[in-house]
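Reviewing the structure listed below.
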Amino acid sequence: MEPDGYLIAGRARPPKGRPAVRDSLCVRILLIATTFLFLGIFVLVPLVAVFGEALEKGLGVYFSSLTEPAALSAIRLTLFVAAIAVPANLIFGINAAWAIAKFDFPGKSLLITLIDLPFAVSPVIAGLIYILVFGAQGWLGPFLQEHDIKIIFAVPGIVLATIFVTCPFVARELIPLMQAQGSEEEQAALSLGATGWQTFWRVTLPNVRLGLLYGVLLCNARAMGEFGAVSVVSGHIRGLTNTIPLHVEILYNEYKFSAAFAVASLLAILSLVTLLIKSTATWHCSTSEHATEPPAYL
């Protein structure tokens, strides 16, 4: 006789005589309708408005707004900054998550707090901190000027500010996954003769691949869409230090609304592509897990 609350193929089954509690049909309809209404008003309508304004004057104006020299420069700079910030945070996130999840060491709580710091600090404050450190009147300003090194109002300052605001995303996706999985599989691999590098590639990484992908996608989206910190350290030099969000602001302040929304639509497309990749990866992983799942009667 099977006990109450038994498991079949790793899935919990409700105890006999006590069916799972379900909300009424009216409650479910109300909750679903409220969710879709909220998302429609605050997400879908603004998204449609962006593309509507961008295409209001036709495809010719739309593409000309994207191919003008200042817009192309902003796009190139945004891609360049993301190409540096995302890999840097990928390496940092994997190392930090591995250290926090697999080892106990003094200062572990402090490290977790520092990783969460960019979530708590306003991006504008982060930009001001970099000006305080690297600006002409900052702590390292005289040294940098003496050696002709320019960080603030130049590309290096934009890269540093972007890395700061995006550094928690990969680590924060991986830490709970690695903690939940424990270290038994890694220890078993090591006891069978695998090296640390082989254990990472063949045991640890496959177990966290979906969280790693999601963290990288979020990091990339934030890196390309960051405004506050980048606005403070960039200097708003058109054609040199303007990223896509800063270029949108300049166009909007110049009352070039169609051009501003056309460039802004690039960021909207980026967000849609990010969601599509994330959904596809989730579906693929779910399909793979179901394909390898043992039959329910085992």
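A few comments on the model shown:
- Considering only residues in region 254-298 that are in a loop (DSSP other than H, G, I, E, B), modelled with pLDDT of 90 or more and not acidic (Asp, Glu), the one that is surrounded by the fewest Cβ atoms within 10 Å (Cβ to Cβ) turns out to be Tyr255.
- Filter result for Ile84 (within 30 Å of Lys256 (Cβ to Cβ), within 15 Å of the chain's Cα centre (by Cα) and surrounded by 14 or more Cβ atoms within 10 Å (Cβ to Cβ)): yes
- Qualifying residue in region 233-243 (condition: in a helix (DSSP H, G or I) and farther than 17 Å from Ala126 by Cα): no
- Restricted to helices (runs of 4 or more DSSP H) entirely inside region 147-218, those with at least 2 residues that are β-branched (Val, Ile, Thr) are 155-166, 168-181.
- Positions within region 96-111 being free of Cβ contacts under 8 Å to residues at least 24 places away in the same chain and either in contact with a helix residue (DSSP H, G or I) (Cβ under 8 Å, 6 or more places away or on another chain) or surrounded by 12 or more Cβ atoms within 10 Å (Cβ to Cβ) (or both), in sequence order: Ala99, Phe105, Lys108, Leu111
- Pairs linking a residue in region 52-75 that is within 20 Å of Thr241 (Cβ to Cβ) to a residue that is among the basic types (Lys, Arg), with Cβ atoms under 6 Å and 6 or more positions apart or on different chains, are Ala70/Arg238.
- The lone exception for Leu190 - which of (1) out of contact with any helix residue (DSSP H, G or I) (no Cβ under 8 Å at 6 or more places or on another chain); (2) more than 20 Å from Cys219 (Cβ to Cβ); (3) free of Cβ contacts under 8 Å to residues at least 40 places away in the same chain; (4) surrounded by 12 or more Cβ atoms within 10 Å (Cβ to Cβ) it fails: (1)
The values are calculated or read from the model by the stated rules, or taken from the named source; none is laboratory data. Computed from a prediction, not measured in an experiment: that's the story for all the values here. Please note: Cβ atoms are built from the backbone with ideal geometry, for glycine as well, and neighbour counts cover all protein chains shown.
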